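The structure appears below as structure tokens.
The values are calculated or read from the model by the stated rules, or taken from the named source; none is laboratory data. The structure presented is a predicted model; accordingly, all values stated were derived computationally and were not measured. As a convention, Cβ positions derive from the backbone with ideal geometry for all residues, glycine included, and neighbour counts pool all protein chains shown. These accessible areas exclude ligands, DNA and RNA; they are computed on the full protein's heavy atoms, side chains included. Shrake-Rupley method; radii C 1.70, N 1.55, O 1.52, S 1.80 Å.
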Amino acid sequence: MLTENTQTYFQNLERDVRKIYVVAEEAKKTGLDPVDKVEIPLAMTMASKVVGLISIIYPQMENSGIDKRILELEEQYGKLDATVMFKIAEEVAKQKFCKFSSLLEAIDAGIRIGFAYYTLGVVSSPIEGFTQLKLGKTRDGREYFIAYFSGPIRSAGTTGECMVLLLIDYLREMFGFAKYDPNEEEIKRYVTENYDYHERVTNLQYLPLEKEIEFLARNLPIQIAGEPTEKIEVSNYKNLPRVETNYIRGGMCLIFSEGLAQKAAKGFRLLNGAKKNGIQSSGFDFLKEYIEFHEKLASVKEKGSTNNIPVYIRDLVAGRPVFGHPSRSGGFRFRYGRGRVSGFSAFSLHPATMAITDDFIASGTQLK
């Protein structure tokens, strides 16, 4: 409950910001800048931030009522419920608020608005991580979705990466497009490219087993693609008719391994929660079987393993200190939570901790 003093503070803050915007608008009208209006809209709610972000690509969304509808859906399903993401994407794709030049563009806008809602409208993934939606042809001539991703998709977080795939497939099924039908070479290309990226470019946060990648690729209802991000060609399975490039696509690898494979269980749980609220989607129902398959492979690997060294220890660069080994008492540990002095995706350490670790941990340090 806001106190009277707090309410007054925020009212004064909003009033003064609006005064500054008026001055800025007048200055912009002089024509000395490339654009004659203030490009950053004032957002008073998270819903307004979501719409403001996507209106960079689709200006017709601004003042179209989408933000009010998001608030209504939150009242119905709860704040940040995955159902809200699916519903607002559906309504935008059906052009209930504003018109688009084609159905594919409307679906693209729906994906972006739903994705922006899930990522709170604060990261670039919905406009730069998800880059475009195209149509491909199945082997029997029907149209299916090809979703393109690039490096900034990482800012959505691994759960967000998984959820955008579920969202794209939801709209695919709703509008009656066919499922992607990968052939054996395309399935092997996913395996090769993910391993090439991990071994030749940079470590993936999570690298599935080859059998797991094959299982996921074989069952994908949409084709996961992306722009080439490296000057390195894949080591095998080149010149495929339905894969546009022979170069490694970082965005594809990130969303496939770190998003879909790593967060399959959580994504499937959130999807099932949305289904209870009336969302109809079946393209990723195979994730239940994948989760069981993953657990089975993990148990077999654990029983037959002779190398119990954790991955991040095996990948350690010489000279880097280890502050805590897995499953050992007395190690360096983080307790997750939000502190008053840290940002949205940052941790805070007591200065004494920095001293105890012999000044190795300092501002800007990356810890794995």
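What are the residues in the stretch 81-97 that are assigned to a helix (DSSP H, G or I) and either touching a residue at least 40 places away in the same chain (Cβ under 8 Å) or surrounded by fewer than 23 Cβ atoms within 10 Å (Cβ to Cβ) (or both), if any? Matches in the stretch 81-97: 82, 83, 85, 86, 87, 89, 90, 91, 93.
Determine whether the stretch 126-135 contains at least one residue that is under 19 Å from residue 243 (Cβ atoms), hydroxyl-bearing (Ser, Thr, Tyr) and touching a Ser or Thr at 6+ places or on another chain (Cβ under 6 Å).
Kept after step one, since they are under 19 Å from residue 243 (Cβ atoms), are these residues of the stretch 126-135: 130-135.
Those still in the list that are hydroxyl-bearing (Ser, Thr, Tyr) too: 131.
Then drop every residue that is not touching a Ser or Thr at 6+ places or on another chain (Cβ under 6 Å), which leaves 131.
Yes, the conditions are met somewhere in the stretch 126-135.
Residue by residue, here is whether (1) on the phi > 0 side of the Ramachandran plot; (2) of a type outside the set (Lys, Arg); (3) at pLDDT 95 or above holds:
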residue: 7; (1), (2), (3): no, yes, no
residue: 21; (1), (2), (3): no, yes, no
residue: 41; (1), (2), (3): no, yes, no
residue: 94; (1), (2), (3): no, no, yes
residue: 107; (1), (2), (3): no, yes, yes
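If I go through the stretch 133-154 residue by residue, how many of them are among the basic types (Lys, Arg) and under 15 Å from residue 173 (Cβ atoms)?
If we filter the stretch 133-154 for residues that are among the basic types (Lys, Arg), which is where we start, we get 134, 137, 139, 142, 154.
Next cut, under 15 Å from residue 173 (Cβ atoms) only: 142.
Number satisfying all stated conditions: 1.
Applying the criterion of being assigned to a loop (DSSP other than H, G, I, E, B) and of a type outside the set (Lys, Arg) to the residues of the stretch 98-120, the residue that is surrounded by the most Cβ atoms within 10 Å (Cβ to Cβ) is 119.
State the number of residues belonging to the stretch 242-265 that are open to solvent by 60 Å² or more (accessible area, probe 1.4 Å) and at pLDDT 95 or above.
Kept after step one, since they are open to solvent by 60 Å² or more (accessible area, probe 1.4 Å), are these residues of the stretch 242-265: 244, 247, 262.
In the following step, the residues that additionally are at pLDDT 95 or above were identified as 247.
Residues meeting the conditions: 1.
The residue pairs whose first member lies in the stretch 318-332 and is touching a residue at least 12 places away in the same chain (Cβ under 8 Å) and aromatic (Phe, Trp, Tyr), whose second member is open to solvent by 60 Å² or more (accessible area, probe 1.4 Å) and not in a loop (DSSP other than H, G, I, E, B), and whose beta carbons are closer than 9 Å, counting only pairs six or more residues apart or on different chains, do not exist in this structure. For the stretch 121-147, a residue qualifies if it is open to solvent by 60 Å² or more (accessible area, probe 1.4 Å) and part of a helix (DSSP H, G or I), and exactly one does: 128.
Of the residues making up the stretch 16-49, those that are under 17 Å from residue 114 (Cα atoms) and touching an Asp or Glu at 6+ places or on another chain (Cβ under 7 Å) are 45, 47, 48.
If you go through the stretch 207-242 and keep only what is under 22 Å from the mean Cα position of the chain (by Cα), part of a loop (DSSP other than H, G, I, E, B) and either hydroxyl-bearing (Ser, Thr, Tyr) or closer than 18 Å to residue 134 by Cα (or both), you end up with 220, 221, 222, 227, 228, 229.
Scan the stretch 68-80 and give yes if some residue there is without any contact (Cβ under 8 Å) to a residue 24 or more places away in the chain and either surrounded by 23 or more Cβ atoms within 10 Å (Cβ to Cβ) or of a type in the set (Ser, Thr, Tyr) (or both), otherwise no. There is no residue in the stretch 68-80 that is without any contact (Cβ under 8 Å) to a residue 24 or more places away in the chain and either surrounded by 23 or more Cβ atoms within 10 Å (Cβ to Cβ) or of a type in the set (Ser, Thr, Tyr) (or both).
Out of 203, 194, which single residue is in a helix (DSSP H, G or I) and under 29 Å from residue 295 (Cβ atoms)? Don't jump to the end; show me each part of the working.
On the way: 203 fails: in a helix (DSSP H, G or I).
Checking each option against the conditions leaves just 194.
When you look at residue 62, is it of a type in the set (Asp, Glu), touching a Pro at 6+ places or on another chain (Cβ under 9 Å) and either over 26 Å from residue 91 (Cβ atoms) or surrounded by 11 or more Cβ atoms within 10 Å (Cβ to Cβ) (or both), yes or no? Yes.
In the stretch 26-44, how many are surrounded by fewer than 14 Cβ atoms within 10 Å (Cβ to Cβ) and closer than 25 Å to residue 124 by Cα? Before you say what the answer is, go through the steps one by one.
Just the residues of the stretch 26-44 that are surrounded by fewer than 14 Cβ atoms within 10 Å (Cβ to Cβ), to begin with: 26-27, 29-37, 39-40, 42, 44.
Those still in the list that are closer than 25 Å to residue 124 by Cα too: 33-37, 39-40, 42, 44.
Residues meeting the conditions: 9.
For the stretch 47-79, filtering for residues that are more than 21 Å from residue 274 (Cα to Cα), among the hydrophobic types (A, V, I, L, M, F, W, C) and under 21 Å from the mean Cα position of the chain (by Cα) leaves 5.
Note on the stretch 234-288: residues that are hydroxyl-bearing (Ser, Thr, Tyr), touching a Pro at 6+ places or on another chain (Cβ under 9 Å) and in contact (Cβ under 8 Å) with a residue 40 or more places away in the chain total 2. Every test in (1) buried (at least 21 other Cβ atoms within 10 Å of the Cβ); (2) modelled with pLDDT of 95 or more; (3) in contact with a helix residue (DSSP H, G or I) (Cβ under 6 Å, 6 or more places away or on another chain) is passed by residue 226 save one, and that test is (2). State which residue pairs qualify: first residue polar (S, T, N, Q) and inside the stretch 1-17, second residue in a loop (DSSP other than H, G, I, E, B) and modelled with pLDDT under 90 in any location, beta carbons under 9 Å apart, and separation of 6 or more residues or different chains. No pair meets every condition. Apart from one condition, residue 185 fits all of (1) touching a Ser or Thr at 6+ places or on another chain (Cβ under 9 Å); (2) in a helix (DSSP H, G or I); (3) open to solvent by 10 Å² or more (accessible area, probe 1.4 Å); the exception is (1).
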